[in-house]
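Only one structure is covered here, and it is reproduced in the block below.
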Amino acid sequence: MSELIISVSGLRGIVGETLTPDVAVRFVASFAASMPPGKMVVGRDGRTTGPMLRNAIIAGLNACGRDCIDADVAATPTIGVLVRELRAAGGVQISASHNPPPYNGIKLFGGDGRVLDAVSGGKIRDGFLGGNTAWCDFDSIGQIERPADPHAAHLAKVLQTVDVDAIKKQKYKVLLDSNHGAGGLLGVRLLEALGCQVTAMGAEPTGRFAHVPEPTAENLTGVASMLGTSGCAVGFCQDPDADRLALIDETGRYIGEEATLALCVRRAMEVGRTDGPIVINGATSSMSALVAKSHGVETFRSAVGEANVADMMIAKSAAYGGEGNGGPIDPLVGYVRDSFVGMAQVLDLMTRTGLKLSELADELPVQHIHKDKASVSADRLPALFEKMKSHFADATAESGDGLRLQWDDAWLLVRGSNTEPIIRLIAEAESADQAKSLCDQARALL
């Protein structure tokens, strides 16, 4: 049996093994006990186990005296917007992001509409492990509300960040692959509002994925081959909870997730969002930093994790930020990774420059990133990191979020995963061979 993975922002597990209705109820009861008074927004991605967990979680929150706003199927960034718009005390998103179908999870939001910070999330995690609950009396049981249009506020905020009329005039033909997750409901609506002719794949949120859910090159070969002959200007590929976006250009070339953020950063710079730095995490490609630097804008790197990026963005008054897994974060919309922000702003960049997506991608700084993973127990990591410092003695070493080794023209990050019982090895360099070599050398030390 796999372990239940508990982090400061929530938990993930295999439904029926580690993630059961009992676990879900006790976890949100700890959440309710730790949060200020107020309603809770509850949403889910399209996974087949989502309705069961939604029912259990809403029942658990009602049993703690909390009224619940049931958004049903909605993207993770949409839940963040709803929490703020409805002035809720917090929110719960039921999703396991890119994990395989047997998994599901719970992600927690504070009243500010962002994923819980480490301190708040840590208290809830400790409360869950300690059995902290907030059950109420029979006459204080919470009620359920269902908003008429849970996506409207998010749609409006995204549209406000781009030149809608200019994009409409282009009448772009686009492909949207939501892979039967949560993204199709708002995704089709957004693209049509931008005047696009949309070919939608997997728009129905059934949770029966047409391909492996993580939007990587190897998982999107079928989509890429289809797009190359479709006449579409761009292919937008979402993960199941639609906080990540991968791009495919008009030729059917996988541009990827890292390019999503870099192109959004370029667009932010070109529309004058230069009054503050950008923030990316320690595993994100330097492409975004190099784009920002070309406009005289500083880049800060946070620890890996959306909450850590948001923390630093707020602390540094950042103009823009995000993670290289295809998750731009625009403070004008919310401090949550957002595939819809990515779609609208990439179309806006294409419109402003008059360039095809392939041409925009070719103009990005040339960097090659290589990713690998391995099963290593956590107690072995300190000794492993010391071995790596010795082997890569010519690098500048930074610890705190795993081990990050920095050279003038390359970097290597080795860290434990927040969502799986593995370690991740990520390297970037000016050549693909060099990046792969760094990961291979680190793996050999295992």
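The values are calculated or read from the model by the stated rules, or taken from the named source; none is laboratory data. All values reported here derive from a predicted model rather than from experimental measurement. Heads up, the Cβs are rebuilt from the backbone with ideal geometry, glycines too, and the neighbour counts pull from every protein chain shown.
How many of the residues in the stretch 305-325 are of a type outside the set (Asp, Glu) and at pLDDT below 95? Talk me through it step by step, then tell me what you get.
Residues of the stretch 305-325 of a type outside the set (Asp, Glu): 305, 307-310, 312-322, 324-325.
Those left that are additionally at pLDDT below 95: 305, 307-308, 324-325.
Counting residues in the stretch 305-325 that are of a type outside the set (Asp, Glu) and at pLDDT below 95 gives 5.
Listed by position, the helices (runs of 4 or more DSSP H) contained in the stretch 333-437 that have at least 1 residues being in contact (Cβ under 8 Å) with a residue 24 or more places away in the chain, touching a Leu at 6+ places or on another chain (Cβ under 6 Å) and small (Gly, Ala, Ser) are 339-353. Of all residues in the stretch 180-198, those that are surrounded by 24 or more Cβ atoms within 10 Å (Cβ to Cβ), touching a helix residue (DSSP H, G or I) at 6+ places or on another chain (Cβ under 9 Å) and not in a helix (DSSP H, G or I) total 3. Once the stretch 95-141 is narrowed to residues that are in contact with an Asp or Glu (Cβ under 6 Å, 6 or more places away or on another chain) and either outside the structural domain of residue 57 (by TED's automatic domain parsing) or among the hydroxyl-bearing types (Ser, Thr, Tyr) (or both), the residue that is surrounded by the most Cβ atoms within 10 Å (Cβ to Cβ) is 95. Given the criteria surrounded by fewer than 16 Cβ atoms within 10 Å (Cβ to Cβ), among the aliphatic types (A, V, I, L, M), modelled with pLDDT of 95 or more and not assigned by TED's automatic domain parsing to the domain that holds residue 163, does residue 360 qualify? So residue 360 fails the test.
Working only within the stretch 203-217, note down all residues that are touching a strand residue (DSSP E or B) at 6+ places or on another chain (Cβ under 6 Å) and buried (at least 17 other Cβ atoms within 10 Å of the Cβ). Lay out the reasoning, then the answer.
Initial filter on the stretch 203-217 (touching a strand residue (DSSP E or B) at 6+ places or on another chain (Cβ under 6 Å)): 205, 215, 217.
Answer for the stretch 203-217, where residues must be touching a strand residue (DSSP E or B) at 6+ places or on another chain (Cβ under 6 Å) and buried (at least 17 other Cβ atoms within 10 Å of the Cβ): 205, 215.
With respect to residue 47, is the statement that it is basic (Lys, Arg) and under 20 Å from residue 124 (Cα atoms) true? Walk me through it before giving the result.
Working: basic (Lys, Arg): yes; under 20 Å from residue 124 (Cα atoms): no.
So residue 47 does not fit the description; no.
Among the residues here, residue 220 does not qualify as in contact with a helix residue (DSSP H, G or I) (Cβ under 6 Å, 6 or more places away or on another chain), surrounded by 22 or more Cβ atoms within 10 Å (Cβ to Cβ) and not assigned by TED's automatic domain parsing to the domain that holds residue 42.
Consider the stretch 226-255 and keep the residues that are surrounded by fewer than 24 Cβ atoms within 10 Å (Cβ to Cβ) and of a type in the set (Gly, Ala, Ser). The one that is modelled with the lowest pLDDT is 228.
Scan 132, 99 and give me the residue that is in contact (Cβ under 8 Å) with a residue 12 or more places away in the chain, of a type outside the set (Gly, Ala, Ser), in a loop (DSSP other than H, G, I, E, B) and within 19 Å of residue 181 (Cβ to Cβ).
Step by step, each of 132, 99 is checked, and only 99 is in contact (Cβ under 8 Å) with a residue 12 or more places away in the chain, of a type outside the set (Gly, Ala, Ser), in a loop (DSSP other than H, G, I, E, B) and within 19 Å of residue 181 (Cβ to Cβ).
Filtering the stretch 142-179 to residues that are surrounded by 16 or more Cβ atoms within 10 Å (Cβ to Cβ) and more than 23 Å from residue 243 (Cα to Cα) leaves only 142. Going through the stretch 371-426 one residue at a time, which ones are basic (Lys, Arg) and over 27 Å from the mean Cα position of the chain (by Cα)? Within the stretch 371-426, 380, 387, 389 qualify. Looking at the stretch 63-85, can you tell me whether even one residue there is surrounded by fewer than 19 Cβ atoms within 10 Å (Cβ to Cβ), in contact (Cβ under 8 Å) with a residue 12 or more places away in the chain, over 24 Å from the mean Cα position of the chain (by Cα) and within 23 Å of residue 130 (Cα to Cα)? Checked against the condition, which is being surrounded by fewer than 19 Cβ atoms within 10 Å (Cβ to Cβ), in contact (Cβ under 8 Å) with a residue 12 or more places away in the chain, over 24 Å from the mean Cα position of the chain (by Cα) and within 23 Å of residue 130 (Cα to Cα), the stretch 63-85 yields at least one hit.
For residue 382, state whether it is over 27 Å from residue 175 (Cβ atoms), modelled with pLDDT of 95 or more and of a type outside the set (Phe, Trp, Tyr). Spell out how you get there, then give the answer.
Details: over 27 Å from residue 175 (Cβ atoms): yes; modelled with pLDDT of 95 or more: no; of a type outside the set (Phe, Trp, Tyr): yes.
So residue 382 does not fit the description; no.
Does the stretch 309-321 contain any residue that is hydroxyl-bearing (Ser, Thr, Tyr), within 19 Å of the chain's Cα centre (by Cα) and under 23 Å from residue 255 (Cα atoms)?
Taking every residue of the stretch 309-321 in turn, at least one turns out to be hydroxyl-bearing (Ser, Thr, Tyr), within 19 Å of the chain's Cα centre (by Cα) and under 23 Å from residue 255 (Cα atoms).
The residues of the stretch 135-162 that are of a type outside the set (S, T, N, Q) and not in a loop (DSSP other than H, G, I, E, B), listed by number, are 138, 139, 144, 145, 152, 153, 154, 155, 156, 157, 158, 159. Hey, does the stretch 179-200 have a residue that's more than 19 Å from the chain's Cα centre (by Cα), under 28 Å from residue 332 (Cα atoms) and acidic (Asp, Glu)? Yes, there is a match, as at least one residue in the stretch 179-200 is more than 19 Å from the chain's Cα centre (by Cα), under 28 Å from residue 332 (Cα atoms) and acidic (Asp, Glu). Screening residue 3 on (1) among the charged types (D, E, K, R); (2) modelled with pLDDT of 95 or more; (3) over 20 Å from the mean Cα position of the chain (by Cα) shows it passes everything except condition (2).
Give 294, 302, 286 a once-over and let me know the one that is over 16 Å from the mean Cα position of the chain (by Cα) and either more than 23 Å from residue 430 (Cβ to Cβ) or modelled with pLDDT under 95 (or both). Only one candidate qualifies: 286. For the stretch 256-270, taking the residues that are closer than 22 Å to residue 213 by Cα and hydrophobic (A, V, I, L, M, F, W, C), the one that is surrounded by the most Cβ atoms within 10 Å (Cβ to Cβ) is identified as 261.
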